[in-house]
Amino acid sequence: MFGFTYYSPTEIVFGPETEALAGPLVRKWGGSRVLVVCGGHSARSSGLLDRVVQSLTQEGLACAVLEGVQPNPLLSTAQAGVEQARQFGADFLLGVGGGSVLDTAKAIADGAASPGTGLWDFWSRKTPLVQALPVGAVLTIPAAGSESSDSAVLTQDETQIKRGLSSPLHRPRFAVMNPELACTLPRYQVACGTVDIMMHTMDRYFSKPTGNELTDEIAQGLLRTVVRNGRRAFENPGDAQAMSELMWAGSLSHNGLTGLGAPNDFAPHQLGHVLSGKYGVAHGASLSAVWGSWARYCYETNPDRFVQFGREVWGVDGAMPAIEAAENYFRSLEMPVCLSELGVPVQDQAGLEDLAQRCTFDRTRTIGTFRILDYGDILQIYQLANH
């Protein structure tokens with residue numbers, strides 16, 4: 001096992017009706033004026049937003065609400081939130097929703113703490129992020145893991161470029177996780193979330209170092225749990241037990257635990273971000289659409305890793321059967337495994353080159369660690385997925 005530093009400071013409050021504790025938790029972590037961030041309508045129509053606001057006001061906290069965060073969160077929405085947070089004098093951000101809402105809350109926390117700095121300056125690495133307001137989370141969708149991760153993703157409106165930014169400042173102070181809040185999700189969202197949870201561990205699992213036994217066992221066990229319960233929740237989203245397993249797995253999959261002692265790869269995530277940024281497709285679906293092509297292109301770098309993946313997660317022998325087992329599972333959740341199934345028109349050569357150009361930030365970077373991928377490699381992976 002390689003050396004590592006691990007720090008996961010988020011307080012997890014897990015169980016039924018835990019959203020009623022939002023007010024006391026915000027006060028515990030130093031908040032007094034809270035900007036609540038949520039999505040389009042479900043938080044309000046379900047009564048969740050009212051319950052959270054009631055908890056805050058009963059605790060004597062001032063609060064304002066920003067609604068309307070969309071999937072693949074937009075820079076413009078976060079910028080509007082920064083202005084609202086400053087005008088309100090917010091000293092704490094509370095995201096009530098899934099990954100897009102929580103990422104937006106993190107971005108607002110960044111911008112509100114740094115007047116005069118454009119948000120995209122942080123995401124483009126022009127300006128280092130050195131301060132942010134504290135953030136809390138009330139999770140409604142098991143998927144992105146943003147409730148306990150150090151990352152946040154934004155899409156720039158004009159260019160449709162989607163980028164992530166990781167910082168210890170993005171770790172939420174607390175995460176309220178009531179699995180019952182996710183039991184009314186549409187099956188498609190359950191499927192996308194299941195894929196995203198799996199990918200957060202798979203993008204860590206496929207690494208060059210070997211001998212990382214305990215971390216491998218944690219990752220493999222988490223994947224088996226998600227496979228079982230993802231299928232159960234997809235078939236019956238109201239299955240609270242299955243949803244509770246998915247919700248906890250989503251946090252563990254993206255708080256760093258399943259990749260300790262090895263460099264993360266995350267090439268499939270980078271490939272998928274280009275698709276969801278440019279075409280607005282669901283994040284989880286973009287990942288399943290490219291993963292098989294990435295795996296077939298890269299598996300010869302270390303076939304034994306894929307053999308282990310097949311044996312320990314899927315109960316199959318061989319690298320290619322392992323890849324096929326993962327793709328068949330995605331299909332069982334009605335997830336795409338190529339660009340045409342994703343709903344992205346089959347690309348001509350110019351379209352594929354544009355995807356590769358975007359993924360490499362105009363040929364200024366490579367991606368991945370399992371196999372380092374440059375522009376030419378990335379173009380070939382998109383070509384493999386283009387059917």
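The values are calculated or read from the model by the stated rules, or taken from the named source; none is laboratory data. Keep in mind it's a predicted model, so treat the numbers as computed, not measured. Positions of Cβ are generated from backbone atoms using ideal geometry, with glycine treated the same way; all protein chains shown enter the neighbour counts. Just so you know, the surface numbers come from the protein's heavy atoms only, side chains and all, with ligands and any DNA or RNA stripped out. Shrake-Rupley method; radii C 1.70, N 1.55, O 1.52, S 1.80 Å.
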Subject >> When residues of the range 10-29 are limited to those that are in a loop (DSSP other than H, G, I, E, B), within 19 Å of residue 179 (Cα to Cα) and of a type outside the set (Asp, Glu), the one farthest from the chain's Cα centre (by Cα) >> reply: 16
Original post:
Pick from 334, 353, 312: which is touching a helix residue (DSSP H, G or I) at 6+ places or on another chain (Cβ under 7 Å), under 26 Å from residue 375 (Cβ atoms) and acidic (Asp, Glu)?
Top reply: 353
**OP:** Would you kindly identify the helices (runs of 4 or more DSSP H) lying entirely within the range 258-330 that contain at least 2 residues that are buried (at least 24 other Cβ atoms within 10 Å of the Cβ) and of a type in the set (A, V, I, L, M, F, W, C)?
**Re:** 267-279, 283-298
Original post:
Name the residues in the range 25-79 that are at pLDDT below 95, in contact with a helix residue (DSSP H, G or I) (Cβ under 6 Å, 6 or more places away or on another chain) and among the polar types (S, T, N, Q), would you?
Top reply: 72
**OP:** Provide a single number: the residues in the range 1-32 that are within 15 Å of residue 139 (Cα to Cα) and polar (S, T, N, Q).
**Re:** 2
**OP:** Determine whether the range 70-81 contains at least one residue that is closer than 18 Å to residue 168 by Cβ and either touching a Pro at 6+ places or on another chain (Cβ under 8 Å) or open to solvent by 10 Å² or more (accessible area, probe 1.4 Å) (or both).
**Re:** no
Original post:
Among the residues of the range 159-170, which ones are open to solvent by 20 Å² or more (accessible area, probe 1.4 Å), within 13 Å of the chain's Cα centre (by Cα) and touching a residue at least 24 places away in the same chain (Cβ under 8 Å)?
Top reply: 162, 163, 164
Subject >> Those residues of the range 360-376 which are surrounded by fewer than 20 Cβ atoms within 10 Å (Cβ to Cβ) and either touching a strand residue (DSSP E or B) at 6+ places or on another chain (Cβ under 9 Å) or in contact (Cβ under 8 Å) with a residue 40 or more places away in the chain (or both), in sequence order >> reply: 361, 366, 369, 371, 374
Original post:
In the set 250, 238, which member is crowded, with 19+ Cβ neighbours inside 10 Å and not acidic (Asp, Glu)?
Top reply: 250
Original post:
Does residue 116 satisfy the condition of being surrounded by fewer than 21 Cβ atoms within 10 Å (Cβ to Cβ), at pLDDT 95 or above, at positive phi and of a type outside the set (A, V, I, L, M, F, W, C)?
Top reply: no
**OP:** Scan the range 331-350 for residues that are outside any loop (DSSP other than H, G, I, E, B), closer than 18 Å to residue 286 by Cβ and open to solvent by 10 Å² or more (accessible area, probe 1.4 Å) and report the count.
**Re:** 4
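Residue by residue, here is whether (1) over 29 Å from residue 5 (Cβ atoms); (2) among the small types (Gly, Ala, Ser); (3) touching a strand residue (DSSP E or B) at 6+ places or on another chain (Cβ under 7 Å) holds:
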{"site": "252", "(1), (2), (3)": "no, no, no"}
{"site": "276", "(1), (2), (3)": "yes, yes, yes"}
{"site": "287", "(1), (2), (3)": "no, no, no"}
{"site": "293", "(1), (2), (3)": "yes, yes, no"}
{"site": "296", "(1), (2), (3)": "yes, no, no"}
{"site": "304", "(1), (2), (3)": "no, no, no"}
{"site": "308", "(1), (2), (3)": "no, no, no"}
{"site": "324", "(1), (2), (3)": "yes, no, no"}
{"site": "329", "(1), (2), (3)": "yes, no, no"}
**OP:** Identify all residues within the range 41-51 that are open to solvent by less than 50 Å² (accessible area, probe 1.4 Å) and either free of Cβ contacts under 8 Å to residues at least 24 places away in the same chain or not in a helix (DSSP H, G or I) (or both); write none if there are none.
**Re:** 47
Subject >> Sole residue being touching a Lys or Arg at 6+ places or on another chain (Cβ under 8 Å), within 23 Å of residue 159 (Cα to Cα) and open to solvent by 10 Å² or more (accessible area, probe 1.4 Å), chosen from 357, 383 >> reply: 357
**OP:** Just give me the residues in the range 113-158 being touching a residue at least 60 places away in the same chain (Cβ under 8 Å) and over 19 Å from the mean Cα position of the chain (by Cα), in sequence order.
**Re:** 134, 157
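For (1) surrounded by 15 or more Cβ atoms within 10 Å (Cβ to Cβ); (2) in a strand (DSSP E or B), each residue gets a yes or a no:
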| site | (1), (2) |
| --- | --- |
| 31 | yes, no |
| 37 | yes, yes |
| 53 | yes, no |
| 57 | no, no |
| 60 | no, no |
| 65 | yes, yes |
